[in-house]
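The values are calculated or read from the model by the stated rules, or taken from the named source; none is laboratory data. Just so it is clear, the model here is predicted, and its values are computed rather than measured. So basically every Cβ, Gly included, is an ideal-geometry build from the backbone, and we count neighbours across all protein chains shown.
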Amino acid sequence: MATQAFDQQSFTEAIQANDTVIVDFWAEWCGPCKRFAPVFDQASEQHPDVVFGKVDTEDQRQLAGGLGIQSIPTLMAFRGGYLVYREAGAMSGPQFDELVKAVKALDIEKLKEQAASTQSGAGA
């Protein structure tokens, strides 16, 4: 599956409707972003069960700003609607493939349990 360009609405919908979503925040003028783009695109072909989205931080300033994106490229990974990875910087193909596999291997039920216990503990 090819990468998708996300805006605020499609970003939110993708995270809510899909099991695993990986998002690349980038800009046209960013050298490391351009070098990482083929790695991201290739991974999207190798993992058709994952939604790969790209957010152009110049075009989607409100979305990027709202998420606190300060450096690009920044990668975010979501599993079952939960943010499970966020890091600035490009990766090599093998590093990124390992990240994708690790995110896919996360147990969604455990994530839900951890989130529920964190929320219930916050009010105590």
- Query: Of all residues in region 57-91, how many are of a type in the set (Gly, Ala, Ser), more than 13 Å from residue 12 (Cα to Cα), out of contact with any helix residue (DSSP H, G or I) (no Cβ under 7 Å at 6 or more places or on another chain) and touching a residue at least 24 places away in the same chain (Cβ under 8 Å)?
  - Reply: 1
- So, of the residues in region 107-124 that are farther than 11 Å from residue 82 by Cα and aliphatic (A, V, I, L, M), which turns out to be modelled with the highest pLDDT? 116
- Out of region 58-71, which residues are touching a strand residue (DSSP E or B) at 6+ places or on another chain (Cβ under 7 Å), assigned to a loop (DSSP other than H, G, I, E, B) and surrounded by 15 or more Cβ atoms within 10 Å (Cβ to Cβ)? 69
- Message: Residues to consider are 88, 43; find the one that is surrounded by fewer than 18 Cβ atoms within 10 Å (Cβ to Cβ) and of a type in the set (A, V, I, L, M, F, W, C).
- Response: 88
- Message: Which count do you get for residues in region 72-124 that are outside any helix (DSSP H, G or I), among the aliphatic types (A, V, I, L, M) and over 16 Å from the mean Cα position of the chain (by Cα)?
- Response: 1
- Item | Residues of region 72-113 classified as farther than 26 Å from residue 46 by Cβ and touching a strand residue (DSSP E or B) at 6+ places or on another chain (Cβ under 9 Å), total | 1
- Item | Filter result (within 14 Å of residue 72 (Cα to Cα) and surrounded by 19 or more Cβ atoms within 10 Å (Cβ to Cβ)) within region 1-39 | 23, 24, 25, 26, 33, 36
- Task: Check whether at least one residue in region 94-103 is surrounded by fewer than 15 Cβ atoms within 10 Å (Cβ to Cβ) and of a type in the set (D, E, K, R), and report yes or no.
- Result: yes
- Where residue 55 falls short, out of the listed (1) within 12 Å of the chain's Cα centre (by Cα); (2) assigned to a helix (DSSP H, G or I): (2)
